Amino acid sequence: MTTTFEKIGKIDYQSAADMIDSFNESTERSNWRKKSATSFVELAMPGKPDEAWRRVRLSPVLLDKALEDCQIGYDGIPSGVSVYSLSELSGDGFKEYETYITRYTELSKLRAAKDKPRANDVKENKLLSLNKAFSQNGLFIVADENFSSGDVLRFQFSTQSDKIVAIPQIHLWAKKGSKGQILIEFIAKEDSKNVIIPYSTGVIEDNAEWEVLTNQETDDNSQFYMFDSYYMQTKSKFSSYLFTQGAKQSFVDGHYTLQGRKAEFHMYGISTAQGKQVQGEKLSVEHHAPETISDTSFRCVLYDSATSIFAGNIKIPKGSSGSEGYEENKNLLLGEDCFTHAIPQLEIIENDVKCSHGATVSSTEPEELYFLMARGLTQKAAEELLVRSFYRDILDKMSLLNDHPEIKSYLYNLTEKKTGLNLNKNVYNWEE
């Protein structure tokens, strides 16, 4: 990416507009970008009154950094799936993309018409506007109608320089009846002070079933802020899985809307934070059709002085009878100075629904450690066993891992490299 400014902190509206004009896009697309550029210039960094973002320390994120593209790699693309680079859209790919943007915009307007926003539910912020205004780096993925494959589509976004901000986009259009699984990895260069800000959107059409596993692999110097926005149509099923570990700060801001009868959304995540790391999620799940189902569950293990944030909200307005929404956040605190903010919420207007939400904060009990150590485990092995047990039910729900042992082994090995925790061991293996 060639920029007209060296540091993001120095962007004003005129330099932003000049850069957008250099993209040589349609007038409609340029105007859309300039609207986001105005938001970027005018908005402060995310914070109050947003219940989640105000707990994240963001002041130095953009000041001394410049924009740079991610390096993108992918494989395992079968017939029936088309992958287009956003920086090189032309011909059929451009037409498909324009059709997708029109479809996504229509669904967004339908959602907005039913939404009753609150002052502390902020949907646009400076980081998201940065991506929307300037990103040309990313992929558009289209699955044909009734496509089905047992193979995993794998995509990798990695940074190659130091002190840069990468703003990739990923758009998934899963057409009617299609079924598939995707692994997306975001990898920051080692020992770099990079910031990765992905923006991911998706439309899961009628009867489509897709699973997306996102793995964030960074070190203690880098930061990761991901924005998600997905729409699910009639009898569709979308599952999102998150592996989060290693970043100085990591935060996922996701909006998921079930717009068709009997649509399903499942989201499961595990995270580990050490030292002074901060990790969190702000999730909004909206049920805008009858008989829809959502299930969101996250597990976080904290060491040392680490912090976790979970702000989840299920919204069920009138007209969504027979829907079910479940939300759960559990935190295991293994450090003397670690801290968690857990804010599960429900906004239920419809009467005929089933919903639950909850959060727990716990630490290992001396009795638990004593019980395990009395049977021959060291204290370290006993703690690891409890952590594996803590994660186990969530990992079992990630069917992509269970369907593909090689990917499970790969991600478990990355977890051990980053955290020292070996997830490959059987929870019930008492031999040490």
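I'm checking my understanding of the structure. Among residues of the stretch 382-405 that are farther than 20 Å from residue 265 by Cα and surrounded by fewer than 17 Cβ atoms within 10 Å (Cβ to Cβ), which one is modelled with the highest pLDDT? Write out each step before concluding.
Within the stretch 382-405, the subset farther than 20 Å from residue 265 by Cα is 382-392, 404-405.
Checking which are surrounded by fewer than 17 Cβ atoms within 10 Å (Cβ to Cβ) leaves us with 389, 392, 405.
Values: 389: 87, 392: 90, 405: 93.
Out of the qualifying residues, it is 405.
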Residues of the stretch 223-240 satisfying the condition of being farther than 28 Å from residue 144 by Cα and either among the basic types (Lys, Arg) or free of Cβ contacts under 8 Å to residues at least 60 places away in the same chain (or both) = 224
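Identify, from the list 33, 54, the residue that is part of a helix (DSSP H, G or I), crowded, with 17+ Cβ neighbours inside 10 Å and among the charged types (D, E, K, R). So that I can check it myself, show each step before the final result.
Working: 54 fails: crowded, with 17+ Cβ neighbours inside 10 Å.
On inspection, the qualifying residue turns out to be 33.
Scan the stretch 72-89 residue by residue and report those that are polar (S, T, N, Q) and in a loop (DSSP other than H, G, I, E, B). It would help to see each step written out before you state the result.
First pass over the stretch 72-89, keeping only residues polar (S, T, N, Q): 79, 82, 85, 87.
Matches in the stretch 72-89: 79 only.
Say whether the condition of being more than 29 Å from residue 12 (Cβ to Cβ) and not in a loop (DSSP other than H, G, I, E, B) is met by at least one residue in the stretch 129-138.
Step one: list which residues in the stretch 129-138 are more than 29 Å from residue 12 (Cβ to Cβ), which gives none.
There is no residue in the stretch 129-138 that is more than 29 Å from residue 12 (Cβ to Cβ) and not in a loop (DSSP other than H, G, I, E, B).
Can you name every residue in the stretch 330-356 that is closer than 14 Å to residue 258 by Cβ and either without any contact (Cβ under 8 Å) to a residue 24 or more places away in the chain or part of a loop (DSSP other than H, G, I, E, B) (or both)?
The answer is 350, and nothing else.
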Selection within the stretch 301-337 - surrounded by fewer than 17 Cβ atoms within 10 Å (Cβ to Cβ) and of a type in the set (D, E, K, R) | 304, 318, 336, 337
Which condition number does residue 86 fail, the rest of (1) surrounded by 13 or more Cβ atoms within 10 Å (Cβ to Cβ); (2) modelled with pLDDT under 90 being met?
-> (2)
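Only one residue in 158, 129, 82, 135 is touching a residue at least 60 places away in the same chain (Cβ under 8 Å) and under 23 Å from residue 411 (Cα atoms). Which one? Before you say what the answer is, go through the steps one by one.
On the way: 129 fails: under 23 Å from residue 411 (Cα atoms); 82 fails: under 23 Å from residue 411 (Cα atoms); 135 fails: under 23 Å from residue 411 (Cα atoms).
Sole residue among the options that is touching a residue at least 60 places away in the same chain (Cβ under 8 Å) and under 23 Å from residue 411 (Cα atoms): 158.
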Return yes when residue 11 is more than 25 Å from the chain's Cα centre (by Cα) and among the aliphatic types (A, V, I, L, M) and no when it is not.
-> yes
Does residue 149 satisfy the condition of being in a strand (DSSP E or B), surrounded by fewer than 23 Cβ atoms within 10 Å (Cβ to Cβ) and among the polar types (S, T, N, Q)?
-> yes
Looking only at the stretch 213-241, count how many residues are closer than 24 Å to residue 263 by Cα and at pLDDT below 95.
-> 0
Looking at (1) surrounded by 15 or more Cβ atoms within 10 Å (Cβ to Cβ); (2) under 22 Å from the mean Cα position of the chain (by Cα), which is the one condition that is false for residue 112?
-> (1)
What are the residues in the stretch 271-291 that are more than 16 Å from residue 231 (Cβ to Cβ) and not hydrophobic (A, V, I, L, M, F, W, C), if any?
-> 271, 272, 274, 275, 276, 277, 279, 280, 281, 282, 290, 291
Given the conditions (1) in contact (Cβ under 8 Å) with a residue 40 or more places away in the chain; (2) within 26 Å of residue 39 (Cβ to Cβ); (3) not aliphatic (A, V, I, L, M), report the number of the one that residue 109 does not fulfil.
-> (1)
If you go through 421, 400, the only one that is in contact with a helix residue (DSSP H, G or I) (Cβ under 8 Å, 6 or more places away or on another chain) and either in a helix (DSSP H, G or I) or assigned by TED's automatic domain parsing to the domain that holds residue 191 (or both) is 400
Failed criterion for residue 199 (all others in (1) within 18 Å of residue 153 (Cα to Cα); (2) in contact with an Asp or Glu (Cβ under 9 Å, 6 or more places away or on another chain) hold) | (1)
Tell me, please, whether a residue that is among the aromatic types (Phe, Trp, Tyr), outside the structural domain of residue 220 (by TED's automatic domain parsing), on the phi < 0 side of the Ramachandran plot and touching a residue at least 24 places away in the same chain (Cβ under 8 Å) can be found in the stretch 322-329.
-> no
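Within 25 Å of residue 89 (Cβ to Cβ), surrounded by 23 or more Cβ atoms within 10 Å (Cβ to Cβ) and without any contact (Cβ under 8 Å) to a residue 60 or more places away in the chain: which single residue out of 196, 204 fits that description?
Numbers: 196 fails: without any contact (Cβ under 8 Å) to a residue 60 or more places away in the chain.
Going through 196, 204 in turn, just one is within 25 Å of residue 89 (Cβ to Cβ), surrounded by 23 or more Cβ atoms within 10 Å (Cβ to Cβ) and without any contact (Cβ under 8 Å) to a residue 60 or more places away in the chain: 204.
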Hey, can you tell me all the residues within the stretch 260-300 that are of a type in the set (Gly, Ala, Ser) and crowded, with 23+ Cβ neighbours inside 10 Å?
-> 263, 269, 271, 273, 280, 294
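The values are calculated or read from the model by the stated rules, or taken from the named source; none is laboratory data. Predicted, not measured: the structure shown is a model, and the values here were computed from it. Ideal geometry is used to build each Cβ from the backbone, glycine not excepted, and the neighbour counts take in all protein chains shown.
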